[in-house]
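This report refers to the structure that appears directly beneath it.
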Ligand code: ATP
């Protein structure tokens, strides 16, 4: 196990900049998730850490060891890394045993056998040694790929959307299992994912990427509760963006009339839909609104609300939607932290 420190990483393909000035630190034994839209450079980052790409600029350190700087790039096999590529990448012509044993290189079969058994036991697949990959479910294949990556006791594990091929229920189950296993073995892990819930549930820290850079980094609670922009807020969940403006009394306010202090004009307020509370009676700070749409999800529902004088409908997440009807007038107020971001400060 080791820490990871990346400073000002730059990667170019055919003269096109893919990663630029990317910095990221992951402590030893931490589980970090990298979240970002398709094409923002997540896999390129992972491949740079693995040594499969030669960066144009910047440094990568594992603990105190410099593994990548312009004059030196340590080859992948000397980095002591377990890499699980997208969809596992098992060798289809090798059995489960042989797939896991493959990463143990030159050891002879008698030395490999107990290690393979230990790894298969760890991922809950003892007894599957002789199966071929095509005789396994998607979740089992993922676990074999993980056993293969862990067999040589790597200092760090890199996971590239390892659960993308699984159906949603299995994805949640396997990903929780795998995260627990990696935390139990105190393996420093970097996982690339599109799945925000997976990142929020599994990770100790989340790096949010946009256009080749890490634009925000922190614990799941920090990145969810204190997003730096509306765009970045959307990476971790739904968000309502309301403009702040100066009212007649020169106070800065918003269509939900929340906290007039501390606001500045020409900014946006970011509100999570679950922070918008609904009441049937007017409360101190409630604003009259009309329910224009109800999306029922079973465990909760999203109400779309029209606020007087505001063209922007807002979404409120409520736990007990059964009493509400479209067209009904209610009162809405916000219970949550004040989040103000400069308008148009997006990281597309
Ligand atoms: P996804 O979530 O879709 O997997 P990603 O965030 O992992 O995307 P990357 O695979 O890192 O994105 O790709 C980032 C950009 O670099 C993309 O525009 C891609 O087309 C480009 N790219 C990746 N590999 C190469 C390559 N070998 N040569 C040229 N361009 C590449």
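The values are calculated or read from the model by the stated rules, or taken from the named source; none is laboratory data. None of the values given here were measured: they were computed from a predicted structure. Here the Cβ positions follow ideal geometry from the backbone for every residue, glycine too, while neighbour counts run over all protein chains shown.
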Can you confirm whether residue 56 is farther than 15 Å from residue 8 by Cα and modelled with pLDDT of 85 or more? no
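Here is a yes/no grid of residues against (1) surrounded by fewer than 22 Cβ atoms within 10 Å (Cβ to Cβ); (2) away from the ligand (no atom under 16 Å from the Cβ):
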site	(1), (2)
5	yes, yes
9	no, no
36	no, no
50	yes, no
56	yes, no
87	yes, no
91	yes, yes
100	no, yes
Quick one: how many residues across the stretch 59-89 are in a loop (DSSP other than H, G, I, E, B) and modelled with pLDDT of 90 or more? 1
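Quick grid of which residues meet (1) surrounded by fewer than 19 Cβ atoms within 10 Å (Cβ to Cβ); (2) within 16 Å of the ligand (Cβ to nearest atom); (3) under 21 Å from residue 19 (Cα atoms):
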site	(1), (2), (3)
188	no, no, no
222	yes, no, no
225	yes, no, no
232	no, yes, yes
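Yes or no, residue by residue, for (1) at pLDDT below 85; (2) loosely packed, with under 12 Cβ neighbours inside 10 Å; (3) touching a helix residue (DSSP H, G or I) at 6+ places or on another chain (Cβ under 9 Å):
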{"site": "258", "(1), (2), (3)": "yes, no, no"}
{"site": "261", "(1), (2), (3)": "yes, yes, no"}
{"site": "270", "(1), (2), (3)": "no, no, yes"}
{"site": "273", "(1), (2), (3)": "no, no, no"}
{"site": "279", "(1), (2), (3)": "no, yes, no"}
{"site": "284", "(1), (2), (3)": "yes, yes, no"}
{"site": "287", "(1), (2), (3)": "no, no, no"}
{"site": "291", "(1), (2), (3)": "no, no, no"}
{"site": "302", "(1), (2), (3)": "no, no, yes"}
So residue 198, is it away from the ligand (no atom under 15 Å from the Cβ) and over 30 Å from residue 332 (Cα atoms): no
Scanning the stretch 195-234 for residues that are touching a helix residue (DSSP H, G or I) at 6+ places or on another chain (Cβ under 9 Å), within 21 Å of residue 46 (Cα to Cα) and assigned to a loop (DSSP other than H, G, I, E, B) gives 195, 203, 204, 212
Among 66, 45, 22, which is more than 15 Å from the ligand (Cβ to nearest atom) and either in the same structural domain as residue 178 (by TED's automatic domain parsing) or more than 17 Å from the chain's Cα centre (by Cα) (or both)? 66
Do we find a residue being surrounded by 22 or more Cβ atoms within 10 Å (Cβ to Cβ) and farther than 30 Å from residue 269 by Cα anywhere in the stretch 205-216? no
Mind listing whichever residues of the stretch 308-341 are under 20 Å from residue 230 (Cα atoms) and outside any strand (DSSP E or B)? 310, 311, 312, 313, 335, 336, 337, 338, 339
Could you figure out which of (1) under 21 Å from the mean Cα position of the chain (by Cα); (2) modelled with pLDDT of 95 or more isn't true of residue 193? (2)
Between 98, 118, which is under 20 Å from residue 181 (Cβ atoms), at pLDDT below 95, assigned by TED's automatic domain parsing to the domain that holds residue 166 and not in a loop (DSSP other than H, G, I, E, B)? 118
Count of residues meeting criterion [within 16 Å of the ligand (Cβ to nearest atom) and part of a loop (DSSP other than H, G, I, E, B)] in the stretch 141-172: 5
